[in-house]
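Read the structure below first, then the notes.
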Amino acid sequence: MATGELAQADSGRGAHAAPEPDHDEHPGQLGVPEDLPRGSVVTVSGRVSGVSESDVHTEPETPFSPVQLSRLDEALTLVSRHTQLRFSVYLGDLGEDSHAGAQALHDKLGAVGTDSVLIAVDPQRRNVDIVTGPEARVRLADRSAKLAVMSMVASFKEGDLVGGLLSGLRMLSDQAGEPQHSH
């Protein structure tokens, strides 16, 4: 777990790329199964990518352009493949205690949370939290997470939200490395 300070405030809407779906979908086929929330889609790789609104009383708007969302989704897919850990990004309100909010989001992952890494950014409160499951924590020390948070915050202070997230994902992927397979 690492906590940092975010320099840029945003509209407060939540955006996330979630771990692999729990439903049956035909491999290689894009689709929106009925049990997915509005704004979500299953990509060719099987990853669920989506945007959700945290305030339904305002005009729907996402914090990312389609190109930025595509870059973020591609990075999440690549780092997840490289490390064989499940990376997710959440952007939105985490509540008064941002770490508790990030932990609650990570807990919603259920059994897949053991090998998951969640990067949670609360622009309104200017907080960044990284929550790792027990298996992911073995490969990602707190020090590595703190360095990734510092790198992301530096980019966020320059107004580069996507660049900060991409940089943080790269750093975490480099630190976790490829899994060690037993023979």
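The values are calculated or read from the model by the stated rules, or taken from the named source; none is laboratory data. The model shown is predicted, which means the values in this text are computed figures rather than measured ones. Quick reminder, even Gly has a Cβ in these numbers, built from the backbone with ideal geometry, and neighbours come from all protein chains shown. Calculation scope for accessible area: heavy atoms of the full protein, side chains included, ligands and nucleic acids excluded. Shrake-Rupley method; radii C 1.70, N 1.55, O 1.52, S 1.80 Å.
Of note:
- A protection proxy built from the mean count of other Cβ atoms within 10 Å ranks the segments 145-155, 116-126, most packed first, as 116-126, 145-155.
- The slack in the chain from SER45 to LYS157, taken as 0.36 nm per residue of separation less the alpha-carbon distance, amounts to 37.1 nm.
- Protein accessible area in the stretch 95-183, 1.4 Å probe - carbon and sulfur %: 49 percent
- In this structure the stretch 74-183 gives 48 Å² per residue of accessible area when probed at 1.4 Å with all protein chains present.
- Residues whose placed amide H lies under 5 Å from that of ARG86, excluding near-sequence neighbours: SER116, VAL117
- Largest first, the residues GLU178, GLU158 sort by 1.4 Å accessible area into GLU158, GLU178.
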